Amino acid sequence: VDERTDQLTRLGGLAFTVAYAAFIGWLFARQPQTVAQITGGLAATIGAYRVDDQAFADGLRFFRADQFVEARMAFARADPAIRDANTQFYIAYSYYRQGWGRLYHDDALYAEGLSAIDRALILAPDGRLVVDDDNLQIRTGEELKAELEAGRRRDSSDFNPMRVFRERK
Amino acid sequence: VTIAVREAFVLPAAFLTVLLLGSVRIAQSTTLMPPSAFALVLGLLLVRIAVQSGTLAPDRLLAESRSALANVNGAVVLLALWLAAAQTLAVLIPESGLPRIVFGVFLLILLINTAAAAPDRIRLLRSLAVTFGTLFLLKFVVLRELSAPGTSGLKRVLQTLLEGLTLGALLQPVSHAAASYLALLTLVLFLVALFLLPARTIERTGVLVKQRIDTSLERR
């Protein structure tokens, strides 16, 4: 009986150690910043992570009313672990819309937008991100990323006076 | 069963916790830093000294007489010990500048010197406790206090002078207050886990010597 208990203990210990080491490896790779990101990330690995629908709806309402700071706060509440591609897309879009200007774009906001869309593209299955929202002119991750990158680029088109007639997407 | 619990649960958990706690760097954002290549080399030296001093008897973790599963547990303990040793030493090395180089070189020389001195288990544990304690005070009290933003005019002046004299090579990025507590916890946990390792006892050494004598007599 002792021999059997010993073997079971050793086997249990090995399983525990492998799981603990895998958790530490995951932490090193993901670099979570909050407890919510840790728990959300772990839940996402077993497919149990869910976005808070009410908070997402609030965020969408603020976003459509051009209240971008409020929208991002609500989206952050909806996706505290930063695991949902769709929510991250809207966060990136909010930075784009807030930073957009007829004469110039806000580089700092566009940079935040780029970080958000990069996160969204990483989270999207196979890197393909298409948002089904008729209110948006940009509906794919690639288009939004290109738009944000173009806004941060310095080239001759920046001096084109016709740019004042451009419309925000 | 007690030995199995220690080898399969307690020691791996303790060493992996040291690896995790030692990797936390709290500044403006929290990052987890795995041990550098240099720290891994230092960690290997520390494991070697632990074996040499009898703090760790590797034949009590890996041996032909043990079952395959027990040997796997033993190998896991050895691997975890190496990583934890590397991470513990990494915790004691400052983040940047001249202190990083000086502390790194000092630790390398100290470990080589300890290996040459060949201390026994008790002396090694005492020596490590003193070394870790001193380096902890230097990094988390002296250097941290020197690098912390000045609250008084005099401190700011002295800090500016020091920065000018050392061309900015001495001062460190200011860490969060919690970083010191985490580092202390890491060091204490590592020393406790080191103490719990299966050691080479006099009785055990006697058995090994007897086995060696018996084998050589049989050969004759």
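Numbers at a glance
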read-out	value
Residue within segment A:47-66 that is surrounded by 17 or more Cβ atoms within 10 Å (Cβ to Cβ) and within 14 Å of chain B (Cβ to nearest Cβ) present	no
Residues that are closer than 17 Å to A:GLN67 by Cα and open to solvent by less than 30 Å² (accessible area, probe 1.4 Å), drawn from segment A:98-117	A:GLY99, A:GLY101, A:TYR110, A:GLY113
Criterion: closer than 17 Å to A:ILE138 by Cα and at pLDDT below 90 - qualifying residue of A:GLY113, A:GLY127, A:GLY99	A:GLY127
Answer from A:ALA111, A:ALA120 - the residue that is in a helix (DSSP H, G or I) and under 20 Å from A:PRO32 (Cα atoms)	A:ALA120
Selected residue (criterion: farthest from the other protein chains (Cβ to nearest Cβ)) from residues of segment A:24-41 that are surrounded by fewer than 14 Cβ atoms within 10 Å (Cβ to Cβ) and of a type in the set (A, V, I, L, M, F, W, C)	A:VAL35
Residues being under 17 Å from A:LEU144 (Cα atoms) and open to solvent by 50 Å² or more (accessible area, probe 1.4 Å) - total across segment A:67-95	1
Exclusive hit being more than 28 Å from B:ARG25 (Cβ to Cβ) and open to solvent by less than 50 Å² (accessible area, probe 1.4 Å), set B:ALA118, B:ALA75	B:ALA75
Yes/no for A:ARG50 being among the basic types (Lys, Arg) and free of Cβ contacts under 8 Å to residues at least 40 places away in the same chain	yes
Criterion (among the hydrophobic types (A, V, I, L, M, F, W, C), out of contact with any strand residue (DSSP E or B) (no Cβ under 7 Å at 6 or more places or on another chain) and crowded, with 17+ Cβ neighbours inside 10 Å) met by exactly one of B:LEU162, B:LEU81	B:LEU81
Test: B:VAL102 is part of a helix (DSSP H, G or I) and either surrounded by fewer than 16 Cβ atoms within 10 Å (Cβ to Cβ) or among the aromatic types (Phe, Trp, Tyr) (or both)	yes
Count - residues of segment B:1-58 that are more than 9 Å from chain A (Cβ to nearest Cβ), touching a Gly at 6+ places or on another chain (Cβ under 9 Å) and in a loop (DSSP other than H, G, I, E, B)	1
Pair list, Cβ under 7 Å, 6 or more apart: segment A:118-145 residue open to solvent by 90 Å² or more (accessible area, probe 1.4 Å), other residue part of a helix (DSSP H, G or I)	A:ASN135/A:ARG64
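The values are calculated or read from the model by the stated rules, or taken from the named source; none is laboratory data. Small disclaimer: the values here were computed from a predicted structure and weren't measured. Reconstructed Cβ throughout: ideal geometry from the backbone, glycine too, with neighbour counts over all protein chains shown. Only protein heavy atoms, including side chains, enter the accessible area calculation; ligands, DNA and RNA are left aside. Shrake-Rupley method; radii C 1.70, N 1.55, O 1.52, S 1.80 Å.
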